[in-house]
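The values are calculated or read from the model by the stated rules, or taken from the named source; none is laboratory data. The model shown is predicted, which means the values in this text are computed figures rather than measured ones. Here the Cβ is made from the backbone with ideal geometry for all residues, glycine too, and neighbour counts use every protein chain on show.
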Amino acid sequence: MGARTALPAFIVACALSVALTMGSAAHALELITKKEAALPPARGGHERGISRGPTVVVLSPSPVAGTVRSPFELKIRFVAHGGGKIDADSVLVTYLKEPAVDLTQRLKPFISATGIDVKDAEVPAGTHWLRVDVTDSTGHAGWANFSFRVSQ
């Protein structure tokens, strides 16, 4: 617990608490504000986990991409297992800060049963940790914690 390394893209996870606001860039979604980015990091919460629940696959930004520029594409896929179906209303996206910041409402228009797809997510420079939680129709939960670094 407490490992602060980026998790592989295939890590199980499901609900990101992401509140989406339109940013100043043309058609870019301000995913994380400068004020939120300045909050202290969350204690713990960067653990890995294995579950029979849905898998959360982070496609973009790729966990091996290194530093990305803002705005960037945020693309996450949900994979249900054992005949279950993803419940899009269960998705919770959280910015792991102290206190945690729920980003779900900001992302709501970009969340579907197949995943999250934001063409232009605007984020301040720095390293950012997110958690995505999701539940399937059989009641199994999955989650993924991941990080990405944004240059100025």
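Yes/no per residue for (1) surrounded by 14 or more Cβ atoms within 10 Å (Cβ to Cβ); (2) modelled with pLDDT under 50; (3) not in a loop (DSSP other than H, G, I, E, B):
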| residue | (1), (2), (3) |
| --- | --- |
| Ala13 | yes, yes, no |
| Val18 | yes, yes, no |
| Ile32 | yes, no, no |
| His46 | yes, yes, no |
| Ile76 | yes, no, yes |
| Ser90 | yes, no, yes |
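Take the residues of the stretch 48-64 that are modelled with pLDDT of 80 or more and either over 25 Å from Ala113 (Cβ atoms) or polar (S, T, N, Q) (or both): which is nearest to the chain's Cα centre (by Cα)? Residue satisfying both the conditions and the ranking: Ser60.
Of everything in the stretch 65-102, what is among the polar types (S, T, N, Q) and under 12 Å from the mean Cα position of the chain (by Cα)? Give them in sequence order.
Thr94
In the stretch 124-140, what residues are buried (at least 18 other Cβ atoms within 10 Å of the Cβ) and among the β-branched types (Val, Ile, Thr)? Passing the criteria: Val132, Val134, Thr135. If you go through the stretch 92-140 and keep only what is farther than 26 Å from Thr67 by Cβ, in contact (Cβ under 8 Å) with a residue 40 or more places away in the chain and assigned to a loop (DSSP other than H, G, I, E, B), you end up with Pro99, Ser137, Thr138, His140. Evaluation of Trp143 against the conditions (1) surrounded by 18 or more Cβ atoms within 10 Å (Cβ to Cβ); (2) under 18 Å from Leu31 (Cβ atoms); (3) within 10 Å of the chain's Cα centre (by Cα); (4) not aliphatic (A, V, I, L, M) shows that the sole unmet condition is (2).
Listed here are the residues, each with its yes/no results for (1) closer than 19 Å to Thr55 by Cβ; (2) at pLDDT 90 or above.
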| position | (1), (2) |
| --- | --- |
| Gly83 | yes, no |
| Val93 | yes, yes |
| Pro109 | no, yes |
| Ser112 | yes, yes |
| Asp117 | yes, yes |
| Ser137 | yes, yes |
| His140 | yes, yes |
| Asn145 | yes, yes |
| Gln152 | no, no |
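All told, Ser151 falls short of being small (Gly, Ala, Ser) and buried (at least 18 other Cβ atoms within 10 Å of the Cβ).
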